[in-house]
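All remarks here apply to the structure that follows.
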Amino acid sequence: MTHLTAGTAGKASGTTTDATSHAGEHTCGGCLDRRTLLSRAGGVGLAAAGVAVLAACGGSSDPGGAAATTPAGGGSDGPLAQLADIPVGGALSADDGAGNKILLVQATEGTVTAVSAVCTHQGCEVQPDDAELRCPCHNSVFGLDGAPVSGPADEPLPAFEVHVRDGAVYAGAA
């Protein structure tokens, strides 16, 4: 095989070779051709778009606008956190034992509520930020009750059922 550079067609070793004579040959071994690359990139893009659409539709609320309450837990009977670890007037990130990211909120001393840590805008993980809950992806801000304070998120964070017993926070109703 003769590799050609610009201006060398027909001048290599006295043979007549044009730039299209090697179009069907593939010699790099691990490379993707253009069709395969575009096909795979399209598949990845389609999958990412599907995930984004599902995440954006993930916030559930009833027609009256009140957030649905989902029981937390299911994977563990142990405590989600100790009451003393949740700041009064703030929140603590936690896992509900079933793989769901939640925020345990102690707006007033001794009373704990929980909301989903999944932003209702595009599914990013919401983080506690003093007396607010903030999404780092697009700067949505939620109150400690999960209600949107500033967008782009306009749906509340879904509530999770939790209760306090013996200084610890557990999933589900008491």
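Key figures
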read-out	value
Neighbour net charge for LYS101 - beta-carbon separation under 13 angstrom, K R +1, D E -1	-3
Whole-Hz ³J(HN,Hα) from phi, Karplus 6.51 cos²θ - 1.76 cosθ + 1.60, for the stretch 79-95, glycine and proline x	x, 7, 6, 8, 3, 5, 7, 9, x, 5, x, x, 9, 9, 6, 8, 10
Cβ-based net charge around ARG134, under 15 Å, with every Lys or Arg adding one and every Asp or Glu removing one	-4
Order of LEU83, LEU157 under a 10 Å beta carbon neighbour criterion, fewest first	LEU83, LEU157
Long-range HN-HN contacts of ILE102 with modeled amide H, under 5 Å	ALA94, ASP95, ASP96, ALA117
Alpha-carbon Rg with Dmax, taken over the stretch 69-171, Å	12.6, 39
Phi-based couplings in Hz for the stretch 158-172 (Karplus 6.51, -1.76, 1.60; Gly and Pro marked x)	x, 7, 10, 7, 9, 8, 9, 8, 6, x, 10, 9, 10, 6, x
Likely footprinting exposure, GLU109, GLU161, fewest C-beta neighbours within 10 Å first	GLU109, GLU161
Label point at VAL149 placed 7 Å out along Cα→Cβ; residues across the stretch 83-118 whose backbone nitrogen lies under 18 Å	87-93, 103-109, 113-118
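Here, each number is a calculation from the coordinates, and none is a lab measurement. Model, not experiment: these values are computed from the prediction. So basically every Cβ, Gly included, is an ideal-geometry build from the backbone, and we count neighbours across all protein chains shown.
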